[in-house]
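Read the structure below first, then the notes.
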Amino acid sequence: MSDRHAPAPVPTYRLIPSRFPPIGLFDTVATAADLEAVMDLAGWTNDRLVAERVARLPKAEWVFGRPNASVVMAAFLHVAPGGMRFNGPDLGAWYAAARVETAIVEVGHHLRREAAATGAPSLSRQYRAYTACLAGDYLDIRGEQAARPDVYASDSYAAGQRLGEAVRAAGGAGILFDSVRHLGGTNVVAHRPPNVLDVTQADHFELTVEAATPRIEARRLAV
């Protein structure tokens, strides 16, 4: 296994459910103290888990005073139960793809799992796409599925979370990896909020999936 590092693709793409509207309050605050007050105002710290994650994220890594700062902070403070492939439940990370098609397939996979878990034959949901430039050099494990089968496992995040949190603890920027869901796709996880730069809202999509088939219908919405 290598310790190769490489820059992230430019740009990267991330989809966020449209039911979570952007909160522009973070974009104009000037200091960390102001951000703390705004998080209280927005009710973020009313959630015990979010408050604990705020405490785990060093103030030097808080993002504020720039467009879509709240979108970046939300990725680190609002975490899926059990965590994701390269982060545990204690602190989130910014996941993105080199192509919007890969981001759609990744999101569609999780939407299908939700449909299956709830017994729904199909599900539709609307998403906002964001582009971003990710600064830093990323641990590059692309092409290492055979060398790291546990990290690339489709049914368990345990090994991936150990690797991701080790990268974070060592001060690393994050990880470049092959998409498990989209053949030929490239994903990146950024573990440092300040490295997520030039975040810009792009297209809106409606995704529709069927619980029993791999089909994903992606419809670009007029706005």
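Quick look at the values:
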read-out: From L197, L176, residue being touching a Phe, Trp or Tyr at 6+ places or on another chain (Cβ under 8 Å) and in contact (Cβ under 8 Å) with a residue 12 or more places away in the chain; value: L176
read-out: Some residue of the stretch 63-70 being at pLDDT below 95, under 18 Å from S18 (Cα atoms), more than 15 Å from the chain's Cα centre (by Cα) and not basic (K, R); value: yes
read-out: Subset of the stretch 3-21 that is assigned to a loop (DSSP other than H, G, I, E, B) and either on the phi > 0 side of the Ramachandran plot or of a type in the set (A, V, I, L, M) (or both) - its residue that is farthest from the chain's Cα centre (by Cα); value: V10
read-out: Subset of the stretch 155-170 [of a type in the set (G, A, S) and under 17 Å from the mean Cα position of the chain (by Cα)]; value: G160, G164
read-out: Every pair of residues 6+ apart whose Cβ atoms lie under 6 Å, when the first sits in the stretch 41-54 and is hydroxyl-bearing (S, T, Y) while the second is not in a loop (DSSP other than H, G, I, E, B); value: T45/M39; T45/A51
read-out: Residues located in the stretch 181-211, provided they are in contact with a strand residue (DSSP E or B) (Cβ under 9 Å, 6 or more places away or on another chain) and of a type in the set (A, V, I, L, M, F, W, C); value: V188, V189, A190, V196, L197, V199, A202, F205, L207, V209, A211
read-out: Residue check for Y152: hydroxyl-bearing (S, T, Y), under 18 Å from the mean Cα position of the chain (by Cα) and either over 27 Å from P67 (Cα atoms) or loosely packed, with under 14 Cβ neighbours inside 10 Å (or both); value: yes
read-out: Residue in the stretch 34-53 that is nearest to the chain's Cα centre (by Cα), counting only those that are assigned to a helix (DSSP H, G or I) and farther than 19 Å from G24 by Cβ; value: R53
read-out: Pairs where the first residue, in the stretch 201-214, is touching a residue at least 60 places away in the same chain (Cβ under 8 Å) and surrounded by 14 or more Cβ atoms within 10 Å (Cβ to Cβ) and the second is of a type in the set (K, R) and assigned to a strand (DSSP E or B), C-beta under 7 Å, 6+ apart; value: Q201/R128; D203/R220; H204/R128; F205/R219; F205/R220; E206/R219; L207/R125
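Yes or no, residue by residue, for (1) free of Cβ contacts under 8 Å to residues at least 40 places away in the same chain; (2) touching a strand residue (DSSP E or B) at 6+ places or on another chain (Cβ under 8 Å); (3) more than 26 Å from E61 (Cβ to Cβ):
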residue	(1), (2), (3)
Y95	no, yes, no
R128	no, yes, no
A153	yes, no, yes
A166	yes, no, no
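The values are calculated or read from the model by the stated rules, or taken from the named source; none is laboratory data. Because the structure is a prediction, the values reported are computed rather than measured. Note that we place each Cβ from the backbone using ideal geometry, even for glycine, and neighbour counts take in every protein chain shown.
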